[in-house]
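Every number in this text was worked out from the coordinates using simple rules, so none of it is lab data. Since the structure is predicted, the reported quantities are computational estimates derived from the model, not experimental observations. Note that we place each Cβ from the backbone using ideal geometry, even for glycine, and neighbour counts take in every protein chain shown.
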Amino acid sequence: MRQFTNYSDFVRPDGVHGSVYTDPDIFQDELQRIYAREWVYVGHVTEVPNPGDFKRSTIGTAPIILCRDTNGSVQVLFNRCRHRAATVCQEPCGNTKKFRCEYHGWTYDLDGKLTGIPFEEAYDNLDKTEFSLTKPTAIDTYRGFVFACMGKPKISLLENLGGPTMEQIDYFCDLSPEGEILVQAGTVKLVYQGSWKLQMENSIDGYHPNFTHQSYFKTISRMTGVKLDIFNGSSIASVRALGNGNAHIDTAAYNLVPQRKEGRLKALKKTPWGKKYYDDMVEAYGKERAEKVLVVGGTHMNVFPNLVVLGQQVRTIRPIAFNRTEVELAPTLLKGVPDEINTMRIRQFEQFYSPQGGGIHDDVEMFNRVQEGLACTMEPWLLFRRGLHREEKLSDGTLRGQVTDETPQRAMWRHWLEVMEQNVD
Ligand code: FES
Ligand SMILES: [Fe+2]
């Protein structure tokens, strides 16, 4: 049962009340105050490269269509017929000339205009231009990542992302010598019995891997002879809160240790295709930037409320109910690299994240266990105190903690509170 009336009562500096994961009313408020009012990730432009291409997605629980119209513009349309609300697009993705509602046959073109009503004469002067598929109030992109806002945006997309977050997206995209990623290698979807916020917390949680993924790490150690120590309490890797609820696991310091850096670059340059990739990157960005991007290897970041950009993948989090969430994981390709590089990325993705992979199932099991445990309410507070005393504010305004600290989760919850308190109708 709900104990408080103000959202500030649910979030403390070092913890959150369990009902933020279990209260259906709070979930409904999140849909209204976060998903219906903030910038939300809806897909990548390369998922709909040609006119007529479309992909189904959601904003909160609202079904949408991401598509490319005949002029080549990317459109975001609500997947709800203007007649009596049936969805007009059923396929997860594909190519089409129009969207035809199968209930009574109303037809819309690729920018949402209503073009056909069967037996139209029965309507008394109905103006078809007033019955286009509805669109979000705003859409905008950064490096191909498409975001939409259902309400009037308080700030622009770029302000909402902020410099440190855009810098991490740049790291991810600059792994291509042409600066472009392609989200065109299929997707893996999973559903778990828990709150959407569990996946957001977990994506930038450097405390859990040694334990949740113990068997995977042991297997990798046996295969390679390398013991993974990046997520230890004494590791020089860090976590950073980037602003607006976004955060990342910062492995730069760890990976750029000279011996590690040289080892990685040497391994890359061992094959002709690896050498070509290295040379193309140096030509595109200069040696210093190219080597840093190659060694750091993308980023490991969440973007509030529903995007994760991690290693090779783009992950979209879709809330379904307070205790049910769908996650779509899309491995990405790099434009302008030898095929072998992209093949290697897909294999790396599969190793941890595919249905037969060794890692993602462990996380899903933990989400289910957390949601199950939340049914015990005698001591309702969850503890996010780890590293609170040693957080360090950097000159760019970001907050840094040791890699196992809960700096990212605290920042996410502070932002959640801010948005839940501000966006009251
Ligand atoms: S609900 Fe779409 S045509 Fe009737
Ligand atoms: Fe994990």
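Each of residue 378 and residue 228 was given a label point 7 Å from its Cα along the Cα-to-Cβ line. The distance between the two points is 3.6 nm. Globularity index of region 120-263 is 1.53 (Cα radius of gyration / 2.2 N^0.38 Å, N = number of residues). Per-residue Cβ neighbour counts within 10 Å put 249, 64, 220 in the sequence 220, 249, 64, beginning with the fewest. Amide H contacts under 5 Å for residue 194: 324, 325, restricted to partners 5 or more places along the chain or on a different chain, H placed in the peptide plane at 1.01 Å from N. Projecting the Cα positions of 394, 316, 79 onto the charge dipole of the chain (unit charges on Cβ atoms of Lys, Arg, Asp and Glu, taken about the Cα centre) puts 394 furthest along the positive direction. Shown here are the Rg and Dmax of the Cα trace of region 39-142, at 13.5, 45 Å.
Summed over qualifying helices (DSSP H, 4 residues or more, each -39500 (n - 2.57)) and divided by its residue number, the chain shows a 222 nm mean residue ellipticity of -9000 deg cm²/dmol.
Computed over region 78-124, the P(r) curve from all C-alpha pair distances, binned at 5 Å from the origin, holds 5, 22, 32, 24, 11, 3, 2, 0 percent per bin. Each Cα pair under 8 Å and six or more residues apart adds its sequence gap; the mean of these over the residue count of the chain is a relative contact order of 22 percent. Helix 214-224 axis versus longest C-alpha principal axis of the chain: approximately 60°, rounded to the nearest ten. Any chance you could give the angle, 0 to 90 degrees and rounded to 10, that helix 272-285 forms with the longest Cα principal axis of the chain? That works out to roughly 70 degrees.
Only one residue of 301, 265, 284 has its Cα farthest out toward the positive end of the dipole of region 239-327, where Lys and Arg carry +1 and Asp and Glu -1 on Cβ, and that residue is 265.
When the alpha carbon coordinates of region 279-373 are projected onto the principal axes, the ranges are 52, 29, 19 Å, largest first. Counting 0.36 nm for each residue step from residue 46 to residue 365 and taking away their Cα separation leaves a gain of 111.7 nm.
Given their separation in residues at 0.36 nm each and the Cα-Cα distance between them, residue 270 and residue 29 gain 81.4 nm when the chain is fully extended. Each residue in 416, 196 was given a count of other beta-carbon atoms within 10 angstrom of its own, and listing them fewest first yields 416, 196.
Label zone (residue 87, point 7 Å along Cα-to-C-beta; backbone nitrogen cut-off 14 Å) within region 172-203: none.
In plain terms, the residue of 227, 197, 275 with the fewest other Cβ atoms within 10 Å comes first and the most crowded comes last, giving 227, 275, 197. Dipole size of region 222-374 about its Cα centre, with +1 on Lys/Arg Cβ and -1 on Asp/Glu Cβ: approximately 460 debye, rounded to the nearest 20. Note on region 315-425: dipole from Cβ charges, positive end direction compared against 378, 336, 361; the farthest Cα belongs to 336. The angle separating the long axis of helix 407-422 from the principal Cα axis of greatest extent in the chain is about 30 degrees.
Which of the pairs 113/197; 152/335; 227/275; 269/335; 189/270 have their Cα atoms more than 24 Å apart in this structure? From the list (113/197; 152/335; 227/275; 269/335; 189/270), the Cα-Cα distance tops 24 Å for 113/197; 152/335; 227/275; 189/270.
Summary: within the chain, the longest segment free of GluC sites (Glu not before Pro) located in DSSP loops with at most 15 other C-beta atoms within 10 Å is 179-425. About its Cα centre, the dipole of the chain is roughly 1020 debye, where the only charges are +1 on Lys and Arg Cβ and -1 on Asp and Glu Cβ.
Under Stokes-Einstein, with the Kirkwood radius over Cα pairs as Rh, the value for the chain at 20 °C and 1.002 mPa s is 93 µm²/s.
Per Stokes-Einstein, at 37 °C and 0.692 mPa s, what whole-number D in µm² s⁻¹ belongs to region 60-204, with the Kirkwood radius over Cα pairs as the hydrodynamic radius? Answer, rounded: 181 µm²/s. Taking label points 7 Å from Cα along the Cα-to-Cβ direction, residue 326 and residue 393 give a separation of 4.2 nm.
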